[in-house]
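Novice: This structure is in structure tokens; I'll ask about it shortly.
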Amino acid sequence: MELKEERERLRRTMLTRRRALSPLEALGRSVAVARAVVQLPAFREARTVMAYVAVSNEVATGGVIRYALAAGKRVAVPVTDPRSRTIVAAALRAYPGNMVRGAFGIPEPAPGTYAIVAPETIDLVLVPGVAFDAGGYRLGYGCGCYDRFLPLARRAVTAGLVYAFQLCPTVYPAPHDYRLHLVVSEEEIIKTR
């Protein structure tokens, strides 16, 4: 099978497994991941944290976002331009605040309600994905938005948030795929570089 076909097969399998989680099970696992995230030295030391807004049974990030805001950290979330397949980091004043349905159905701050955060000022980026491997590679949704954005956040520690069943021996990385520093599940924290 070709690399692209393997990636698509893995994406379908993992999305099916993730959708099958009950709301209670997803919440319990997400709480365990959130506890691990807020204990990370990279989180404790960060002044600016960027976190995705969870959809479709992804590992929930709302608790981490609220905790970071309460701790006085600057928090940003992605705003996606589907035409250019790029994201910008949008500073939050409150969470959930004034969110609207953005690209791909992902909540994002309403236009005109946020300031853009320069990627090079971000200390920690929490990254979503469909599957991850122990090498720090992720299989996303196929847009490539994070692979374009993460190299711009040069000083940031990057951490993929994942349910343990989403960890795979390989996600069949392509040459352009960005390698994360950490993969955090409800069972373990994997340092990849």
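Novice: How big is the dipole moment of the chain about its Cα centre under a simple scheme where the beta carbon of each Lys and Arg is +1, that of each Asp and Glu is -1, and everything else is neutral? Debye, nearest 20, please.
Specialist: Dipole about the Cα centre, nearest 20: 300 debye.
Novice: Which net charge results for the neighbourhood of D123, defined as the other residues with beta-carbon distances under 15 angstrom from its beta-carbon, given Lys and Arg at +1 and Asp and Glu at -1?
Specialist: +4
Novice: Test of understanding: what is the full-extension gain from E6 to R44, defined as 0.36 nm times their sequence separation minus their Cα-Cα distance?
Specialist: Contour length minus Cα-Cα distance gives 9.9 nm.
Novice: What base-10 log of the normalised intensity I(q)/I(0) is obtained for the stretch 81-193 from the Debye formula, alpha carbons as equal point scatterers, at q = 0.17 Å⁻¹?
Specialist: The Debye formula, applied to the Cα set alone, gives -0.89.
Novice: Still on this structure: Tell me the volume per residue, in Å³, of the convex hull enclosing the alpha carbons of the stretch 5-100.
Specialist: About 135 Å³ per residue, rounded to a whole number.
Novice: What Rg and what Dmax come out for the chain when only alpha-carbon atoms are used, in angstroms?
Specialist: Values for the chain (Cα only, Rg and Dmax): 15.5, 49 Å.
Novice: Count neighbours as other Cβ atoms within 10 Å of each site's Cβ, and list the GluC sites (Glu not before Pro) in the stretch 1-87 that are DSSP loop with at most 11 such neighbours.
Specialist: E2
Novice: Between A118, P175, C145, whose Cα lies farthest towards the positive end of the dipole of the stretch 48-193 when Lys and Arg beta carbons carry +1 and Asp and Glu beta carbons carry -1, centred on the Cα centre?
Specialist: Comparing the listed Cα positions along the dipole, A118 ranks first.
Novice: Using +1 at the Cβ of each Lys and Arg and -1 at the Cβ of each Asp and Glu in the stretch 1-76, identify which of A26, L40, L3 lies farthest towards the dipole's positive end.
Specialist: Highest projection toward the positive end goes to L40.
Every number here is computed from the coordinates shown, using simple stated rules; none is lab data. Given the structure is predicted, the values throughout are model-derived calculations rather than measurements. Heads up, the Cβs are rebuilt from the backbone with ideal geometry, glycines too, and the neighbour counts pull from every protein chain shown.
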